[in-house]
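The structure appears right after this line, and notes come after that.
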Amino acid sequence: MMTVRCYLAPSSIEGLGVFCHEPIRKGDVVWRFDDRFDQKLPRSLVETAEPVMREFLERYGYDHLDHPEFLFLDADEGRFMNHADQPNTDFKGADVGIALRDIPAGEELTCDYREFTFGELHMQPSRHRVAALAAE
């Protein structure tokens, strides 16, 4: 669950991204797993899900290095956080995301998916037609 005020907007990285409403200081917690809202789903659910649901879970679900038998799913904007090779947040602690530097209001929040992904990264195409909507 995001612990900072944020919003979704078109991202220059990919599709939609998460942007902060207010400045964030280095070391601030920007996200924390909250089992009251975020979900921890058995991987078997993904394998048996109908195709549209499986596509959604594969797109927005993520690994947890301490719990390989589960897929995790954020309840809020956190699911739209994009990957960056030089991110502005640190997710090495699997249940918390920390700002690596001061982040000004309006900047996109990014993370390095390799910090919590098993094996090779597989980027998927966007599910959102953000560019098409912006052009209309």
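Observations on the structure shown:
- FRET E, pair L73, H21, Förster distance 22 Å, beta-carbon r, rounded to 0.05: 0.40
- Measuring between their Cα centroids, the range 43-89 and the range 1-32 lie 17 Å from each other.
- Taking Lys and Arg as +1 and Asp and Glu as -1, the other residues whose beta-carbon sits under 10 Å from that of R43 total -3.
- Cut-off 15 Å between beta-carbons: net charge of the residues surrounding L100, Lys and Arg +1, Asp and Glu -1: -3
- Dividing the summed helix terms, -39500 (n - 2.57) for each DSSP H run of n ≥ 4, by the number of residues in the chain produces a 222 nm estimate of -4000 deg cm²/dmol to the nearest 500.
- Dipole of the chain [Lys/Arg +1, Asp/Glu -1 at C-beta], most positive-end residue of A9, P42, V30: A9
- Gain on full extension, evaluated as 0.36 nm per residue between R36 and M53 minus their Cα-Cα distance, stands at 4.0 nm.
- Here the chain is treated with +1 on each Lys and Arg Cβ and -1 on each Asp and Glu Cβ, and its dipole about the Cα centre works out to around 160 debye.
- Sequence-separation-based contact order of the chain, relative, with Cα cut under 8 Å and 6+ spacing, percent: 33 percent
- Between E50, E22, E69, the residue with the greatest mean-square fluctuation in the GNM of the chain (Cα pairs under 10 Å linked by springs) is E50.
No value in this document is a laboratory result; all are computed from the given coordinates. Since we're looking at a predicted model, the values are computed, not measured. Quick reminder, even Gly has a Cβ in these numbers, built from the backbone with ideal geometry, and neighbours come from all protein chains shown.
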